[in-house]
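Structure record follows, encoded as structure tokens.
Please treat every number below as a calculation from the coordinates, not as lab data. Bear in mind that the values here come from a model prediction, so they are computed numbers and not experimental data. Neighbour counts run over all protein chains shown; Cβ positions are idealised from the backbone, glycine included.
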Amino acid sequence: MYKGTLIPIGGNEDKGAGEHEAEFVKDGILSQVVQEGGGSDCNILVVSTASMIPREVARNYKRALKKLGCTNINVYNITKRKNCDKKSVQKLFQNADCVFFTGGDQSRIVDLIANTPVHDIIFKRLTNENLVLAGTSAGAMSMSKEMIMGGSSIECLTKGAVKMREGMGYIEDMIIDSHFINRGRFGRLAEAVAKFPDLIGIGLGEDTGLVIKGNEFRVIGSGMVIVLDPSDLTHNNHEILDEGLPMSMAHLTTHILADGDRFLIDKRAIEVLPLEVYEHQ
């Protein structure tokens, strides 16, 4: 169990643009990431490795974090695995209170960082220190041990449509998918849990995330989180199917969670906010 905190986010989180800046500063996801990291004085490292436009993406996050009062912001883009061997780069990850991975292509994160000294530093600090590891979109998906690397949302629920590979391994018991509602990704997450029925599927809506501490998580943000729990499956034909054929599953438990709801990972149980809370919002 980690001493640190993991915050996977479904992508397209509010960055404080336009008329909602006051809400962003008070309640936005990035504000909660900063709070978990220790407040506006914390050392935040933004890693734009997944993005094909890393400078622009990093600039956008730096601007958003400055709106939250943050002044100790570092940005780094790992472009080659040998970057992770540099002491100066390792020091960035060693000194950060919060490491934030941006969106893009999750396979770039794995290809460039997995099984390097930087990967080791993150693991050790999560285990032994109060490090906050956050990631959005690809940055969130890469956290899983069994990682979705791609797959058409339209073709999913046929065997082989979802493409999987080993991820960074920070989260061993859940498979993370992002942009879940907007891009209609129920099918590919369902196939992922059919393929790995011991794991929980987590579909993160945009501007929505999890704060994972120990064996539970709390939902944050403006959207929904869909939980697919295959532990009570009575039928799953994924193993015997040929590639390209439609799958079937029975008794796949589905939960729809929103801001403030909690999920006990080891017990696979939910704790939703009481109705009185919503009545007073």
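What is the extension gain from residue 114 to residue 128, computed as 0.36 nm multiplied by their sequence separation minus the C-alpha to C-alpha distance, in nm to one decimal?
Full-extension gain reported as 3.1 nm.
With N residues in the chain, what two-decimal value do you get for its Cα radius of gyration over 2.2 N^0.38 Å?
Numbers: Rg = 18.4 Å, N = 281, 2.2 N^0.38 = 18.7 Å.
Compactness ratio reported: 0.98.
Ranked highest first by the average count of other Cβ atoms within 10 Å around their residues, in what order do 73-84, 93-104 fall?
In descending order of packing, they fall as 93-104, 73-84.
Please give the contour-minus-distance gain from residue 264 to residue 55: 0.36 nm per residue of separation, less the Cα-Cα distance, rounded to one decimal in nm.
Taking residue 264 through residue 55 to full extension adds about 71.5 nm, to one decimal.
Please compute the length gained on full extension between residue 88 and residue 232, using 0.36 nm multiplied by the number of residues separating them and subtracting their Cα-Cα distance. Present the calculation step by step, with values, prior to reporting the outcome.
Values: separation 144, 0.36 × 144 = 51.84 nm, distance 4.84 nm.
Fully extending the segment from residue 88 to residue 232 adds 47.0 nm.
Exceeding 22 Å between C-alpha atoms, which entries from my cross-link table qualify? They are 3/195; 87/145; 62/124; 3/267; 163/195.
3/195; 87/145; 62/124
Tell me what the chain gives for mean residue ellipticity at 222 nm when only DSSP H runs of n ≥ 4 count, each as -39,500 (n - 2.57), the sum divided by the residue total, rounded to 500 deg cm²/dmol.
Numbers: 9 runs with 78 residues, N = 281.
It lands at -7500 deg cm²/dmol.
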